[in-house]
Every structure is written in C-alpha cells, then in structure tokens.
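Nothing in this text is a laboratory measurement; each read-out follows from the coordinates by a stated rule. Source: prediction; values computed, not measured. Virtual Cβ from ideal backbone geometry, glycine too; neighbours counted across all protein chains shown.
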Amino acid sequence: MGAESGGLINIHYQKEYQEKLVSPEEAVRIVKNGDWIDFGFGHSKPVALDRALALRKDELKDINIRHVLSLSPQACIEADPEGEVFALNSWYFSAYDRKLPDRGQAYHSPMAFGNLALNYQKSIQYQVDVAMLRVTAMNKDGYFNLHCACASCRAIIEASKKVVVEVNHRLPWAMGGADELIHISEVDYIVEAESTVETIPAASPSDTDRKIAMHIVPLIRDGACLQLGIGGLPNLIGTMLVESDIKDLGCHSEMLADAYYHLYKAGKLTNRKKAVDKGKSTFAFAAGSQFLYDWLNYNPSLATYPASYTNNPRIIAQNPNTISINACLEVDLFGQVCSESVGTRQISGTGGQLDFACGAYLSQNGISFICCNSSYQDRDGNLKSRIVPTLLPGSIVTVPRSLTHCIVTEYGIADLAGRSTWQRAEALINIAHPDLREELIKEAEKMKIWRKSNKKPVA
C-alpha cells in the first residue's frame, strides 16, 4: 500500500536519501542523556527505532518520550519495567498507556487537541530534542507523508532539534488538507523498516448503545456534518444511518473511523452540504480496520489536516447541522462532564471532546451529544449511577457545565444548555436509572438544586 513515486525520483533527492539512510541502531545514537523524544501521534510511532532505542537502556539516563495514543506496546517502556531510564509522557492514554502509571512508567500531559500544536509552538518550543516518526515512502518530489497521523506532527517537526523518519511502505498516503508532508530537506536521518499498520476493530455495540442510538439518530437530518468518536456507539450510529433514508451527510472529524467508510459505500457520505471543505471528508487522524486504510490511500475525496484546523471550534461551527457524538464516564447534577478519569486515575484524555462540544453548539442547528450508560455494576454487584450528585473527588472535568449541551443515556436526552441548576438536575435525573433516581433527588435537595414544584421522574 506504500506511496507511489508517480514517476522517477529527482536524482538530487535520490542522492540525499542515500546520504541520510542509516540503520536504526545508528540513528538512535544521536539520543543523549536527558533528551526528550517525540513519537508523534498514534500510527506515527516508529517500531524499529523504538526497539533500537530500547537496546540503549544501560547507556542512557533520564529519557522522556512524548506520544499520543499508543496503538502497540512501547519497546523502550517494556525494556525498562522499573522506569529507571525511560518515561512515557502521553497526551492521551490508550488502553495500553493507562496501565503504566501504576508502575511509575508513564505520566499524562493534559491538552485540548485543537491546541496541541500551540503547546509546541508557544510553551515547549525547542524542547523536543529528537522527533522519531514513522512515514510513507518518499515520492518523486522528495516528500514523505504523515498518512493516518497528521494530527500535530508538523508542529513537532518544527519544534525538534533533530528529525528521524522510519519509512514503511505499508502506510497509506493521505491527501491534504494541510501539514500532511515532510520534505527530505527537513530530515536528519532516514531508516527503512517494514512494520504492521495497527488496526482497531470496531467495538461491538451493547443493547444500551442501541437504545442510546435510537434517541440520537432521529435528530440527524439530511446534510448533517458528523463527528463520531471512538467506540461501539459511534459505529452503531453509522450503521443505522446507512440503513436510513438520510442523505448527503458530511464528515468533519478529528478521527476518520470505519463508520465513515460504510456511509461512503452506501452513498450517504457526499459532503455536498458542507460549507467548509465541500465535497471532502475532513480528519486529523485515522484509526480502524484495514479497509479504512485502503480507502484512505491516495483518495482525493478525503482531506487530512492538523488538529489545529479540524478541532478549531470556529471552523467546526462553519458547517451547518454539525452533529458531534462522544462518550463520557460520569456527569454530575450540575452538568459537569468527566470523560477521562476515575477520580485521580487517568483513563484517556480531554482529546477533542471539548473542541467539538463547543464547535457543534456554535454550528447553525448543530448539536453536541455526550453519551453514557445510566448505570454500571461495581465489583460487588451493586448498581451505581453514572449520573452523580457531584463528581468523584479528583475526577477531571472534561467539559465544564457552562459548555455542556445534550447528555444522552438509554432513558433519553437531557438538554442542559441555558438551564438553571434545578432545571439541569431535573433533566439529568429524568434520564438516570429509574432505581437510582430517588436517591439523586435527595442529594439534589441537600445541595439546594431541587425545586419542590419539580415533577417526579417517571420510571
């Protein structure tokens, strides 16, 4: 699937390529004690370079690695189980990443995805010693492509003192957009290594997901522009839209997921009604099945951009009827949304949820949906509510109450925007699990946010 040259490579670029081509072991020799290494986003994490760097564990001290969303184990971290040399600093935890802080091997770096490039440009400028990024093969004009991982890689390159690329012919070439390319003149070393392009199978939707989707899908109109997050629910909604009469849908999303491919194949994803990037599906990174990457490869109907563009609320808002669908872990009766931690334990990150909650609400006729199951069972089998009086102590507020729009559970939708504290409490309790509503009412009364004239929720 690798990049095609589209013709003979310029002799000058061929010569420069060979001059910069080294083994992984030679490339990582530039790393010195105390360095900050950046692996970029998701699929841009190098494999051969990571392994080669891990082999230097006994020679190095105090090495920090930045990355977003590990899709495979980090060789450096696995080689150093005590965390004596290597530490992972992740902007967004994956299932792999979240296990590492317990071992003292990883730390979370808070960010809003739309501002991540600014973090490099304004706050940690020139504090990246080496950028190591997996890229496509070079084209005839001397460019490598950032494939599934445009995200914030351009800003990383510009902030780095040294740039090493790991060429993998299996990676798809993503059309831009903007900032999807690295020129050979910007690169210090080139490594060639074949490695698997990680796939993320779509999660199977639950019965609760189906009930939640049934509340959302009827509110999606012809010409809506969709942002779908990670998980079984967004893919289920995509499937339901495929089977519906809805037409002319658009895509403006941080993540290009399987659901968009299915909508495209069904003739539903045309992007004709978009005001920005009309005719194109816009995304910052791609993660899903192999057929998604095959679809992405050299596809002019897809446009990858940095997250500073895709996640800019002002740009999101320019597309009318923007529908943003994301998930959370907990919502309190004031409307504060926690989507990234359980108490102080980091589970994921803010990512783009806040960006799209703002952008979708600003969009003409747009809606921001944040979804969760109404309840869960704890380890002892007790039924617990995900709608709570106040967030668990230490929990991180991902979306503040002032920016929360619609919360959805299997019991309905609570539109919180513009509502007072008692109206929010009433709306949220109405979509809580019926067996847990009475206790929530008592807690709302204690906090003075339950009016005596409120109607009791109907079970």
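Split the chain at each of the chymotrypsin sites (Phe, Trp or Tyr not before Pro) in a DSSP loop with at most 16 other beta carbon atoms within 10 Å, and the longest piece is 127-297. Protection proxy ranking, highest mean first, for peptides 198-207, 97-106: 97-106, 198-207, where packing is the per-residue count of other beta-carbon atoms within 10 Å, averaged.
Here each label is just a point 7 Å from Cα along the line to Cβ, and for residue 314 and residue 122 those points are 1.2 nm apart.
Straight-line reach from residue 122: taking Cα to Cα under 16 Å and skipping same-chain neighbours fewer than 8 places apart, the aspartates and glutamates in range are 158. Sorted ascending by nearby beta carbons within 10 Å, beginning with the fewest, 248, 80 become 248, 80.
Measuring between their Cα centroids, the range 232-287 and the range 363-384 lie 23 Å from each other. Over all directions, the projected convex hull of the C-alpha atoms in the range 23-192 averages 9.1 nm² in area. Sequence-ordered 3J(HN,Hα) estimates for the range 419-432 from the Karplus curve with 6.51, -1.76 and 1.60 and θ = phi - 60° stand at 8, 6, 4, 6, 5, 5, 4, 5, 5, 6, 5, 5, 10, 6 Hz, glycine and proline given as x. Annotation for the range 17-85: GluC sites (Glu not before Pro) lying in DSSP loop with at most 10 further Cβ atoms inside 10 Å of their Cβ are 82. Estimated from the Cβ-Cβ distance and a Förster radius of 51 angstrom, the FRET efficiency linking residue 178 and residue 379 is about 0.60. Think of it as helices only: each DSSP H run of n ≥ 4 in the chain is worth -39500 (n - 2.57), and spread over all residues that comes to -6000 deg cm²/dmol at 222 nm. Model label points for residue 345 and residue 23, set 7 angstrom from Cα along the Cα-to-Cβ axis, are 4.4 nm apart.
Around the Cα centre of the range 23-192, unit charges on the Cβ atoms of Lys, Arg, Asp and Glu (plus for the first two, minus for the last two) sum to a dipole of about 280 debye. Per the Kirkwood formula applied to alpha carbons, the chain shows a radius of gyration over Rh ratio, Rg over Rh, of 1.00. Farthest towards the positive end of the charge dipole of the range 201-319, among the residues 235, 263, 309, is the Cα of 309, using unit charges on the Cβ of Lys, Arg, Asp and Glu.
Taken about its Cα centre, the chain carries a charge dipole of roughly 1640 debye when the Cβ of each Lys and Arg holds +1 and the Cβ of each Asp and Glu holds -1. Can you spot the lysines whose alpha carbon is less than 29 Å from residue 384's alpha carbon? Ignore those fewer than 8 places along the same chain. Within reach: 99, 211, 442, 446, 448, 452, 455, 456. Here the simple spin-label model places points 7 Å from the Cα toward Cβ, and for residue 30 and residue 390 these points are separated by 5.1 nm.
Per residue, the average separation of C-alpha pairs within less than 8 Å and at least 6 apart gives the range 23-192 a relative contact order of 23 percent. Comparing 201, 457, 335 along the charge dipole axis of the chain, the residue lying farthest to the positive side is 457, per the Cβ-charge model.
For residue 278, the lysines whose Cα comes closer than 20 Å to its Cα, not counting residues fewer than 8 places off in the same chain, are 247, 265, 268. From the residues 150, 65, 24, which one has its Cα farthest along the dipole of the range 23-192 in the positive direction, the dipole being from +1 and -1 charges on Cβ of Lys/Arg and Asp/Glu about the Cα centre? It is 150, whose Cα lies furthest towards the positive end.
Taken about its Cα centre, the range 131-175 carries a charge dipole of about 80 debye when Lys and Arg each add +1 at the Cβ and Asp and Glu each add -1 at the Cβ. Distance between Cα centroids, the range 397-448 to the range 97-155: provide it in whole Å. Distance between centres, Cα-based: 37 Å. Computed extension gain for residue 219 through residue 57, at 0.36 nm per residue and net of the alpha carbon distance, reaches 52.9 nm.
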